[in-house]
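Trainee: Starting off with a structure, shown below.
The values are calculated or read from the model by the stated rules, or taken from the named source; none is laboratory data. For clarity, every value in this text was computed on a predicted model and none was experimentally measured. Heads up, the Cβs are rebuilt from the backbone with ideal geometry, glycines too, and the neighbour counts pull from every protein chain shown. All accessible areas refer to the heavy atoms of the entire protein, side chains included, with ligands and DNA or RNA removed. Shrake-Rupley method; radii C 1.70, N 1.55, O 1.52, S 1.80 Å.
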Amino acid sequence: MFDSPRSIIEEFFRRAGSGEPVEKIAELVSEKVDWFVAGDTQVVPWIGRKVGKAGAAAFYAQIREQIESEAFEVHEVLAQGNRVVALGVLASRVIRTGKMIKSEFCFDFTVEQGEITRFRLFEDSFAVAQAAT
């Protein structure tokens with residue numbers, strides 16, 4: 001289906017950005033995925049550690065319920081072996097508070113046997129927490 005780790009990640013971003021059902025995004029993720037987004041989980045419910053395809057789907061379901069994306073731009077995708085890193089910027093509004101999150105980001109993926117086995121999102125977690133309160 002996809003011929004490289006980079007193509008899997010490009011498809012991941014396409015599905016996430018196109019509004020496809022969260023289960024379609026999760027199809028690209030391993031049941032044994034090591035999924036983690038650092039930050040204050042008491043304030044920001046969509047971050048933290050997630051488990052398996054259901055965890056990945058829950059992450060994107062929570063994102064879609066709680067924030068409105070105003071900008072999401074991947075500026076560069078770097079791939080070496082099974083590791084793929086995507087760099088860019090985002091702007092999102094927290095629906096509950098009306099506050100804006102603006103941040104550079106780095107997605108760090110590992111892809112093995114056609115599935116995402118490691119997911120890290122690095123962003124301005126302080127700005128995210130501030131916008132959520």
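Trainee: Measure off, as a whole percent, the carbon and sulfur share of the 1.4 Å-probe accessible area of the chain, all protein chains present.
Mentor: Details: 3610 of 7050 Å².
Carbon and sulfur atoms account for 51 percent of the accessible area of the chain.
Trainee: With 5 Å bins from zero, work out the P(r) of the stretch 15-59 over every alpha carbon pair and list the percent per bin.
Mentor: With a bin width of 5 Å, the distribution comes to 5, 25, 26, 22, 16, 5.
Trainee: Skip the ligands, DNA and RNA, and give the accessible area per residue of the chain with a 1.4 Å probe, whole Å². Could the numbers behind the result be given before it?
Mentor: Values: 7050 Å² over 133 residues.
Per-residue accessible area for the chain comes out at 53 Å².
Trainee: Give me Rg/Rg_expected for the chain, where Rg uses Cα atoms only and Rg_expected = 2.2 N^0.38 Å with N residues. The partial results should precede the final answer.
Mentor: On the way: Rg = 14.1 Å, N = 133, 2.2 N^0.38 = 14.1 Å.
In units of the globular-protein estimate, the chain measures up at 1.00.
Trainee: Residue by residue through the stretch 70-84, which ³J(HN,Hα) values in whole Hz follow from phi under the Karplus form 6.51 cos²θ - 1.76 cosθ + 1.60 (θ = phi - 60°), with glycine and proline marked x?
Mentor: For the stretch 70-84, the Karplus curve yields 9, 7, 8, 10, 8, 8, 7, 10, 10, 10, 8, x, 9, 9, 9 Hz.
Trainee: Counting helices only, and only those DSSP H runs with n ≥ 4, report the 222 nm mean residue ellipticity of the chain as the sum of -39,500 (n - 2.57) divided by its residues, in deg cm²/dmol to the nearest 500.
Mentor: Details: 4 runs with 42 residues, N = 133.
After summing the helix terms and dividing by residue count, I get -9500 deg cm²/dmol.
Trainee: Would you kindly derive the ³J(HN,Hα) couplings of the stretch 39-50 from the backbone phi angles with the Karplus curve 6.51 cos²θ - 1.76 cosθ + 1.60 (θ = phi - 60°), listing them in order in whole Hz, with x for Gly and Pro?
Mentor: These are the phi-based 3J(HN,Hα) values: x, 7, 5, 6, 9, 10, x, 7, 9, x, 8, 10 Hz.
Trainee: For the stretch 43-115, which GluC sites (Glu not before Pro) pass both filters: DSSP loop (anything but H, G, I, E, B) and at most 12 other C-beta atoms within 10 Å?
Mentor: On the way: sites: 65, 68, 70, 73, 76, 104, 112, 115; in loops: none.
Nothing satisfies the criteria.
Trainee: Return a whole-number percent for the relative contact order of the chain, with Cα pairs under 8 Å and 6 or more residues apart as the contact set. Each step should come with its number before you reach the end.
Mentor: Working: 268 pairs, mean separation 33.9, N = 133.
Computed value for the chain: 25 percent relative contact order.
Trainee: A further question on this structure: Sequence gap at least 6, Cα distance under 8 Å: using those rules, report the relative contact order of the stretch 15-92 to the nearest whole percent.
Mentor: Details: 101 pairs, mean separation 17.6, N = 78.
Contact order relative to length: 23 percent.
Trainee: State to the nearest 20 debye the size of the charge dipole of the stretch 1-105 about its Cα centre, where the only charges are +1 on K and R beta carbons and -1 on D and E beta carbons. Working shown, then result.
Mentor: Working: 14 positive and 15 negative charges, 57 e Å.
Dipole magnitude for the stretch 1-105 comes out near 280 debye.
Trainee: Setting aside same-chain residues fewer than 8 positions from residue 32, which lysines have a Cα under 22 Å from its Cα?
Mentor: Correct list for residue 32: 24, 50, 53.
Trainee: Using the Kirkwood formula over every pair of different C-alpha atoms, what hydrodynamic radius in Å results for the stretch 73-133? Don't jump to the answer; show the numbers that get you there.
Mentor: On the way: mean 1/r = 0.0782 Å⁻¹.
It is 12.8 Å.
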